[in-house]
Each structure stands twice: as C-alpha cells, then as structure tokens.
1. Less than 24 Å apart at the alpha-carbon level, and either on another chain or at least 8 residues along: which lysines does that give for K22?
2. Quick one: Debye curve from the C-alpha atoms of the chain, no solvent, what's log10 I(q)/I(0) at q = 0.14 Å⁻¹?
3. Given the DSSP H assignment, sum -39500 (n - 2.57) over each helix run of at least 4 residues in the chain and divide by its residue total; what's the result at 222 nm in deg cm²/dmol, nearest 500?
4. Mind ranking R16, R67 by accessible surface for me, highest first, 1.4 Å probe?
5. Where does each of 95-107, 41-53 land if you order them by average Cβ count within 10 Å, highest first?
6. Carbon and sulfur together cover what percent of the accessible area of the chain at a 1.4 Å probe radius?
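The values are calculated or read from the model by the stated rules, or taken from the named source; none is laboratory data. Predicted, not measured: the structure shown is a model, and the values here were computed from it. Here the Cβ is made from the backbone with ideal geometry for all residues, glycine too, and neighbour counts use every protein chain on show. To get the accessible areas, we keep the full protein, side chains included, count just its heavy atoms, and leave off ligands, DNA and RNA. Shrake-Rupley method; radii C 1.70, N 1.55, O 1.52, S 1.80 Å.
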Amino acid sequence: MMLMELHVKLRNERERRNWTQKYLCTLIGINPTTYSNWEQGSRKPDLEALIKLADLYEITLDKLVGRDFNQHKQSVNVDLELLQFFSEVQAATNQKRDEIIRYWRYINQN
C-alpha cells in the first residue's frame, strides 16, 4: 500500500471535518495562501505547523505525515543485522571470507 502524500492527507483531514481552508487558517494562525500551497503540494509546512495540525486533528505526527513506525522499526532492525554481519565478515579469517563471498555469488546467480 502506498503512503498518502502529505498534501493529500492535509486536504483529507480538513475536508473530513467540513472545514474551509480559511477557517482552518484562523485556528492555527497562518495565511490562507500559505496553507493553500501546502494542500497543493508546492510547499511543505514546518515542524511547528505540523504539530499544530496534528494537535488540531487529534492525531499523531506519524499519522499526519504518513509514517508507519513498524515499517521504520523493521528497516532499522535489518540495518543493524547488516552492520553486525559486515562486522563479523570483516573479523573473519581470509578463508571464511572467501567462503562467504562464494556463497553470496552462488545465491545471486540463482
């Protein structure tokens, strides 16, 4: 599933509440042109504005920006495993390293 782009998420959250852009701008204290640019995707809100919007919509920043924490966590775990693997390969004997490389080449051929 593709993550929804921020500008689409902003529009959807606002429309879900039946708010106009002008009304939303009065709530968070910004210029309507600025907000319009956010919803069009031509500009991105700064962190302070994102926090205000998330608070206003009563959702987390992760949800507002479309970040899936579990997906991020899995990616970090894989990166840590790779770092550990490379560290162990680097510390291995030349013979062991050669075996690992041969096995890796074999896997990539099939």
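1. Qualifying lysines at Cα under 24 Å: K9, K44, K52, K63.
2. One equal scatterer on each Cα of the chain leads to -0.66.
3. Numbers: 7 runs with 83 residues, N = 110.
Value at 222 nm, helices only: -23500 deg cm²/dmol.
4. Numbers: R16 155, R67 95 Å².
The most accessible residue leads, giving R16, R67.
5. Numbers: 95-107: 10.6, 41-53: 13.9.
Ranked from most to least packed, the peptides come out as 41-53, 95-107.
6. Working: 4610 of 8730 Å².
Roughly 53 percent of what the probe reaches on the chain is carbon or sulfur.
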